[in-house]
Structures are given as C-alpha cells and as structure tokens.
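The values are calculated or read from the model by the stated rules, or taken from the named source; none is laboratory data. Keep in mind that this is a model prediction, so the values were computed, not measured. As a convention, Cβ positions derive from the backbone with ideal geometry for all residues, glycine included, and neighbour counts pool all protein chains shown. What goes into the accessible areas is simple: the full protein's heavy atoms, side chains included, and nothing from ligands, DNA or RNA. Shrake-Rupley method; radii C 1.70, N 1.55, O 1.52, S 1.80 Å.
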Amino acid sequence: MGRGFIATVFCLLLLSGKAFAGWYQVENYEGSIGPNPVHLSLQRYASFGSGITVEGSYFYDARQSPIAIYGKADGQRLTLCEIADDKEFERVLVRGSKSPVDTTGCPFSLELGEDAATGNWSKGADKYPVTLKKVASLDDTGDLKLGGTVEIPFWAETATDRFAGIYTKSDAGICMTGLRVINKRKSKAVQEIGFDDPDCNAGMLMTPIYMNVQKWVEGGKDIIAVNFRGGGAGHTEDYAFSPKAKKYRKRK
C-alpha cells in the first residue's frame, strides 16, 4: 500500500464538505469469534461513501494480523464485510466504489448494546457466535470523550509486525501519543514511538482512523509513515526499519 492513497482519500473527503472537527467515533471491543479470542475496533460515521457507514479493523489474538472491515449500520445492527486483498482494499476503501456497496453475504452480523456486541460470523459452511465486550471509546464529534485505553489497530502491517496507536486526551485535544510496534509472532510490543507534538495532531488526519499509519517498501526496507493533521492536507513523519538496530528510526 503506497503513500499516495492518503491524498486521494483527503481530496474526496474535502469534496464531501465534511469538516475536520467531529470526524471520529470509535469503539473498541475484545471477545471471541467461536473459540478464538479477538480484538475489534469500529469507526462509525454518517457515510464513508457508497453507503458505507462503518469501517474497522480486527485481529485474531493468535495471529495478530489486522483485517480491514467495512459495512452498514441499521440502528444498532451492523453488517460487516472483510477486505480480501490489496486490490479490494484499493477499490473499496481507498478509491471508493462507484456503485452502492452490497453487504449481502458478508460474514459479520452484529447487534450493538451499550457495553457489548453479539452476533454471528459465517463464511461458507463455517458459522461461529460472536461475543464482544466494549473496552474503550473515542469521540471528538462534540465534547471530547475518551473512555478506557484506546489502542487503534491500524491496517498497515509488515511480515513481522503490526502497528497500534495509543490515543490520549490532553488540554490540546485527543490524538495519538504513542505508536506501538507489535511483533506478531511474540504478540507483544517491541518498540514504542513517541512524537514531538504539542498541538496534538498525530494520528488525526481526516481519513478513517485506521489509515493514519501507512506502510511501504523502499530500497528493500520497510517504511512506515505517521499522518498528522494541520496545515491544509496535513503532513507525515516517516520511519525506516533498521535491521542493525532492529527498530524503526525517524527519517530526516
């Protein structure tokens, strides 16, 4: 996934007439799909385009690999589809489908309660109950609200790592104050990147929240970019993986 998609998404959102303020309504859950423990994060909005009103990211605890999801909300009932590959990701979540999205046959069917969500996940002959407990939330659509420890599972990943943003609230607002690099095999953080960000802009560019970290490969090295709002189209800070140091280092 290249860095150019952010400009595309940003321009589309500007044309929609939506403002920077009031973009994020996010709820995080943990629980299980059948016997398998999972973590799931959902962002709801009036419309992401093509009738999509929910986007999210989830991972099986045993695999630690984020799966992008999208779908529609009918009140507290959600129907969610999974992104199968990079081509579908580009078509549905980056460029946006030109025709209304059909969620018929998508695997997730959820009913949201005040502090929990239940439903089913089914694909082919496989069908499992879904049981989730809400553990954190973020809302900047009115009074700034933050509940629990908000850890956003970004869509970007490498062969060895996934990335999670820690969002906190301060006098300057809500933003990402730390980026955890989580080794998928070890299922634990091996690095945490902090930001010199007194204006609290990290991880708050006007995109789906799960797009606020990007990844690509340059010269054989994994590169990640953190998005910052502000200054029109915002800006990014790039970090390259150093095989010698075994960590990501900020590029100057």
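Within region 87-119, being open to solvent by 60 Å² or more (accessible area, probe 1.4 Å) and part of a strand (DSSP E or B) holds for SER109, GLU111, THR118. Among the residues of region 62-100, those identified as within 18 Å of the chain's Cα centre (by Cα) and among the acidic types (Asp, Glu) are GLU82, ASP85, ASP86, GLU88, GLU90. Here's a check for you: in region 1-56, which residue that is of a type in the set (Gly, Ala, Ser) and open to solvent by 70 Å² or more (accessible area, probe 1.4 Å) is modelled with the highest pLDDT? Checked region 1-56; the qualifying residue modelled with the highest pLDDT is ALA46. Residues in region 194-252 that are surrounded by 12 or more Cβ atoms within 10 Å (Cβ to Cβ) and β-branched (Val, Ile, Thr): THR207, ILE209, VAL213, ILE223, ILE224, VAL226, THR236. Scanning region 57-86 for residues that are loosely packed, with under 13 Cβ neighbours inside 10 Å and touching a Pro at 6+ places or on another chain (Cβ under 7 Å) yields a single hit, ASP61. With the requirement that a residue be touching a strand residue (DSSP E or B) at 6+ places or on another chain (Cβ under 6 Å) and either small (Gly, Ala, Ser) or touching a residue at least 60 places away in the same chain (Cβ under 8 Å) (or both), what does region 205-218 give you? Scanning region 205-218 gives LEU205, PRO208, ILE209, TYR210, ASN212, GLN214, LYS215, TRP216. Could you tell me which numbered condition GLY148 fails, if it satisfies all but one of (1) under 21 Å from ASP86 (Cβ atoms); (2) out of contact with any Pro (no Cβ under 6 Å at 6 or more places or on another chain)? Only one criterion is unmet by GLY148, namely (1). Is region 134-148 home to any residue that is over 18 Å from the mean Cα position of the chain (by Cα), closer than 22 Å to PHE59 by Cα and assigned to a loop (DSSP other than H, G, I, E, B)? Taking every residue of region 134-148 in turn, none turns out to be over 18 Å from the mean Cα position of the chain (by Cα), closer than 22 Å to PHE59 by Cα and assigned to a loop (DSSP other than H, G, I, E, B). Assess whether LYS127 counts as being open to solvent by 80 Å² or more (accessible area, probe 1.4 Å) and at pLDDT below 95. Here the answer is no, as LYS127 does not meet what is asked.
Within region 187-208, the set of residues being under 15 Å from GLU157 (Cα atoms), out of contact with any Lys or Arg (no Cβ under 7 Å at 6 or more places or on another chain) and not small (Gly, Ala, Ser) comprises LYS188, VAL190.
Is it the case that some residue within region 51-68 is without any contact (Cβ under 8 Å) to a residue 24 or more places away in the chain and within 16 Å of SER97 (Cα to Cα)? Among the residues of region 51-68, at least one is without any contact (Cβ under 8 Å) to a residue 24 or more places away in the chain and within 16 Å of SER97 (Cα to Cα), which makes the answer yes.
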